[in-house]
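> Can you keep this structure in mind? I'll have questions shortly.
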Amino acid sequence: MVKKFAFFIMQHRLLVLGIILSVSAFFGWQCTKIRIETSFSDLLPHKHPFIKVHKKYEKQLGDPLKVYLMLQKKEGDIYNTDTLEKVTRITEKLDSLQSVNHDQVYSIASRKVKSVTVNIGMVQSVPLMDKVPQTKEELEEFRRKVRNTGAVYGVWVSPDEKSVLFTITLIADTLDYRTTFQQIDELIKSESEPGYNLYVCGEPILTGWIYNYQNEMYLIFGLTFLVLIFFLYFYFRNFVGVLVPTISSLLGAVWGLGFCGLLGYSLEPLTLVIPLLITARALSHSVQFTERFFERFNETKDKTRSCIESTVSILPPGILGIATDSIGILLIAVAPIPMLQKLSYFCSFWAASIIFSGLIFTPVFISLFPPPKNVQSIVDTKQGFIQTILGFVARLGFGKLGVANFIIVAILAAFALWVSTKVEIGDVNPGTPILWEDSEYNAAVGQINENFPGTEELFILAEGEGKWAIHNPQLLKILDSFQRSMEKCEGVSYTMSIVDLFTPIQSLIYGGNPKWGVLPHSNDQVGNLYFTLLGSAAPDDFDRYFSGDQKMANIIVW
């Protein structure tokens, strides 16, 4: 059957070539629809219970697409007019960024960060810094407010009072990573001046760096492809041996990428290495066929017969190998993450298409060219140099050498198994392993983690039944107990919830006596505290801590 098929494609080689090139043209047109971009929603397993909770409260708590920016004063503290004016400017510039969620902009100059004060006998929750302090007395008063506001000191102002933290949340549906990265880069440059350091990090910034390095990635891919061509020439030293595998692998790439465009998928920049590996596999299949053709032609001196015999010998094991690759890649789709599923579908098709671009196209295409003049020297070289190497490898598999080889491999395997138990799971260093440890991004993560609770936030939601469910004083005690318990856990640097806002209010109600900085004991007292917080605030000012219907309370764990 295989021999009949080989005869058929050689007898109708122009028809087969026309069909393959027509399909390639169609997929080539589909390639124009591909976008190279990151879709944050594709990284989330949508059916997971945690993600369902995230989607439920996404509008209130914002996307996880957060940007962290730290302004650090090199000498002295932040309590001077110039620094606080800079803080206000940076806050306003962050609030004006494209795709920013204006309800999720936080800093000591933001209306979202509050302090509790006594005004005409009334306890009120007001913006921490509604205007920049100008006089020495105002600056000292502001210092006192920061130090006495538990949800500010250590969270938005560093304990050494040299640094200020800004955070913003971006809206995933409208986010353009390149634009946002450029805007923040311009902000950093405009606010950089002697005496200050600025650090910025967060998932959108990391993605922005990846886009920023995209040209370097293309350069690496291009150089890799040139190196492959160089080795083809080094191995075959003729035009056919270089052109046929190269065109074959490029056709496979067109089919795979075209299928990606046909499905409407975008390419994630960090997964581009996977298609490159499949291209290398396509190249290897075509090289194997070309090599086999040269061997048969050296014996038969008949081009058509050599193509048929090469197809008969290469096609069955080739299809088996390609099918194994394709099915193996398809199994990645069991992961409940859309990005991996999409990658699995189009890369599996790409791998399967090598049957046509590598195993069928290659004999048809190679038959169009006159046989190279150096076929004899290629085969002779292989029989000499390569056979010597393969013969040495073969001798390692039997006799005394085989036993010694087995013992050495067993020892190395045991050693490797022991070393593998010491491998750390997760990110070993601050930041991301995608970039070098001393990169600007990882340095920013390290600085922010050193001066503030950190850039890794975990939201734990306590949800009651019905409106005002979180007015229950027992719930506040549970939140407080939970926070204290979490703060004893390794890796937890800080926690915060509505409890951290209520205790200073209680103290102020009783004349600022710290002994009264305790949680209330009745529903009415809790209700009064919520009224105090919300009485002078916008409806969404406390979304970070509880829901508008006061059914859910949020505990933030860094």
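Rule-based calculations on the coordinates, nothing more; no lab input. These numbers were taken from a predicted model, which means no experiment stands behind them. Note that we place each Cβ from the backbone using ideal geometry, even for glycine, and neighbour counts take in every protein chain shown.
> Please give the helix 273-300 orientation as an angle from the longest Cα principal axis of the chain, in degrees from 0 to 90, rounded to the nearest 10.
Helix 273-300 sits at roughly 10 degrees to that axis.
> Also, quick follow-up: Which entries in K131/K189; K52/K488; K66/K515 show an alpha-carbon gap greater than 27 Å? Mind showing how you got there, number by number?
Details: K131/K189 25 Å; K52/K488 29 Å; K66/K515 37 Å.
Where the Cα-Cα span goes over 27 Å, the pairs concerned are K52/K488; K66/K515.
> So for the pair A323, E186, with labels modelled 7 Å out along Cα→Cβ, what separation do we get in nm?
Between A323 and E186, the label points sit 5.7 nm apart.
> Binning at 20 Å from 0, report for the chain what percent of all alpha-carbon pair distances ends up in each bin.
16, 37, 25, 16, 5, 0
> Assuming 0.36 nm per residue, please report the length gained on full extension of the stretch N148 to S439 beyond their Cα-Cα distance.
Values: separation 291, 0.36 × 291 = 104.76 nm, distance 3.65 nm.
Value of the extension gain: 101.1 nm.
> Between the helical axis of 2-11 and the dominant principal axis of the chain, each derived from Cα atoms, what acute angle in degrees is found, rounded to the nearest 10?
Orientation of helix 2-11: about 80 degrees from the principal axis.
> Taking only DSSP H segments of four or more residues, each worth -39500 (n - 2.57), what value at 222 nm results for the chain once the sum is divided by all its residues, to the nearest 500 deg cm²/dmol?
Details: 21 runs with 307 residues, N = 558.
The helix-only estimate for the chain comes to -18000 deg cm²/dmol at 222 nm.
> In debye, nearest 20, what is the charge dipole magnitude of the stretch 361-450 about its Cα centre with +1 on Lys and Arg Cβ and -1 on Asp and Glu Cβ, if you could check? Intermediate results must be reported in sequence, preceding the final value.
Working: 5 positive and 7 negative charges, 204 e Å.
Here the stretch 361-450 has a charge dipole of around 980 debye.
> Hey, for a label at D380 modelled as a point 7 Å past Cα toward Cβ, could you say which residues of the stretch 225-253 have their backbone N under 17 Å away?
From the stretch 225-253, the list is 236-238.
> Now for a separate question. Report, in degrees rounded to the nearest 10, the 0 to 90 angle that the Cα long axis of helix 239-262 makes with the longest principal axis of the chain.
The answer is roughly 40 degrees.
> Mind ranking 359-372, 67-80 by how tightly packed they are, going by the mean number of other C-beta atoms within 10 angstrom, highest first? If you can, show how the numbers build up before the last one.
Numbers: 359-372: 20.0, 67-80: 17.9.
Highest to lowest by the protection proxy: 359-372, 67-80.
> Further question: Calculate, in nm to one decimal, what L219 and N523 gain on full extension: separation in residues at 0.36 nm each, minus their alpha carbon distance. Write out the running numbers ahead of the final one.
Details: separation 304, 0.36 × 304 = 109.44 nm, distance 6.51 nm.
Full extension from L219 to N523 adds 102.9 nm.
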